[in-house]
Amino acid sequence: MTRRPADTWDLIETIRDRGVTILLVTHFMEEAERLCDRIALIDSGRLVALDTPAGLIERADGRQRIRFRPSAPLDDALLTALPEVASVERAGARVLVTGTGDLLLAVTTVLARHRIVAADLRVDQTTLDDAFVALTGRPIHD
């Protein structure tokens, strides 16, 4: 019987959820983010960082990015006035909002209040891959 990675992940999660400590060594950040409560980033035999997945991401750049095309004219000041918003940029008809906290809720609430639909909405967050690059200064697959 051949095990798929998803089967292995399910097994590890089941054991972990029973309170058993598991030491997992992996180069796959998606796997580490899903399965690990704490992560030690090791680069060239040197401990670079030790934290939770969310903590590593926050240390690297905890900002979120929301991209969308507004269905009606949108005054950038409506977004920049929000405490969650760090910046608003335009690229043609597209709007890029960068910020922290509950950014998606804050932005979509303002849009809904002004009856603007966010077409082609995309939310990007910093990943563990991004954190590794930021914390080590080099790409994962050198």
Could you go through region 32-45 and let me know if any residue there is more than 20 Å from L103 (Cβ to Cβ), in a strand (DSSP E or B) and without any contact (Cβ under 8 Å) to a residue 24 or more places away in the chain.
yes
Inter-residue pairs, beta-carbon under 8 Å, first of a type in the set (D, E, K, R) and in region 119-134, second at pLDDT below 85 and assigned to a helix (DSSP H, G or I), 6+ apart
D130/A60; D130/D61
Only residues that are over 21 Å from T52 (Cα atoms), open to solvent by 50 Å² or more (accessible area, probe 1.4 Å) and modelled with pLDDT of 85 or more: list them for region 109-142, please.
T109, A112, R113, H114, R115, V117, D120, L121, R122, V123
Considering every residue within region 47-62, establish whether at least one is assigned to a helix (DSSP H, G or I), farther than 24 Å from D129 by Cα and open to solvent by 30 Å² or more (accessible area, probe 1.4 Å).
no
Single residue of region 63-74 satisfying the filter (assigned to a loop (DSSP other than H, G, I, E, B) and touching a residue at least 12 places away in the same chain (Cβ under 8 Å)) that is surrounded by the fewest Cβ atoms within 10 Å (Cβ to Cβ):
A72
If I go through region 88-108 residue by residue, how many of them are surrounded by fewer than 14 Cβ atoms within 10 Å (Cβ to Cβ), without any contact (Cβ under 8 Å) to a residue 24 or more places away in the chain and closer than 13 Å to R67 by Cβ?
4
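The values are calculated or read from the model by the stated rules, or taken from the named source; none is laboratory data. For clarity, every value in this text was computed on a predicted model and none was experimentally measured. Neighbour counts are summed over all protein chains in view; Cβ atoms, including those assigned to glycine, are modelled from backbone coordinates with ideal geometry. When the accessible area is computed, the model is the full protein with side chains, heavy atoms only, and any ligands, DNA or RNA have been set aside. Shrake-Rupley method; radii C 1.70, N 1.55, O 1.52, S 1.80 Å.
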